[in-house]
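The values are calculated or read from the model by the stated rules, or taken from the named source; none is laboratory data. Being a predicted model, the structure only gives us computed values, none of them experimental. Every residue, glycine among them, receives a Cβ derived from its backbone with ideal geometry; neighbour counts consider all protein chains shown.
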Ligand SMILES: [Zn+2]
């Protein structure tokens, strides 16, 4: 159900994981751990799936703060989420959380999910190519370090399962945009027909430029993986998996 980062696991106050598509109750093309309201999904199945994720992270019944993702650069305050289960906090593409006992998450199916931790604060980031170019990763590091009162050198990052350079064939518009934020040797792999973009590598470069030194890549290419939803492979009917992170109360 979950892929974890060894790097983020070093902080005992942090709980996190990148979900797979396994272990939930959704049916048909959404089988089975779908975490976003898609055509054919039910509120009951979503609630059960989120409950299972929270339980797997040892925060049963926890609030999960979510963003209505827009491929922009808005960073939302995850501390505003209350009550049990998943709660949308409005339009945005990243969330920052400082409140123990709660979770935040971004939902993806080929876009890049990034989880960040710093002492006393965590962030979840959704980076498709538009958000990547607009700078959502660096914006999120800035919001996290401000909330935590630390420098970017204290931030750890896990870059989760996303479409890889093996599969992410892109057009000239995307190539031109990516080259404004990263050199070609980072952003692109030549393809037989069209270039293939490496969105995870571009986001790593952006994080490093923002001062983050400890970065780990977690999980496979989503289009290559039967364990993940992939928009490129399965189209509009597919579900969404999640990058989830939170803080637990540490008893002295
Ligand atoms: Zn692939």
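Odds and ends about this structure:
- Residue in the range 171-188 that is within 13 Å of the ligand (Cβ to nearest atom), over 19 Å from the mean Cα position of the chain (by Cα) and either without any contact (Cβ under 8 Å) to a residue 24 or more places away in the chain or under 30 Å from residue 23 (Cβ atoms) (or both) present: no
For (1) under 23 Å from residue 231 (Cα atoms); (2) without any contact (Cβ under 8 Å) to a residue 60 or more places away in the chain, each residue gets a yes or a no:
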| residue | (1), (2) |
| --- | --- |
| 19 | yes, no |
| 23 | yes, yes |
| 29 | yes, no |
| 61 | no, yes |
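- Test: residue in the range 56-76 that is touching a strand residue (DSSP E or B) at 6+ places or on another chain (Cβ under 8 Å), in a helix (DSSP H, G or I) and modelled with pLDDT of 95 or more: yes
- Within the range 195-220, if we keep just the residues that are within 14 Å of the ligand (Cβ to nearest atom) and farther than 23 Å from residue 134 by Cβ, the residue that is surrounded by the fewest Cβ atoms within 10 Å (Cβ to Cβ) turns out to be 220.
- Breaking point among (1) in contact (Cβ under 8 Å) with a residue 24 or more places away in the chain; (2) surrounded by fewer than 17 Cβ atoms within 10 Å (Cβ to Cβ); (3) more than 24 Å from residue 25 (Cα to Cα), for residue 78: (2)
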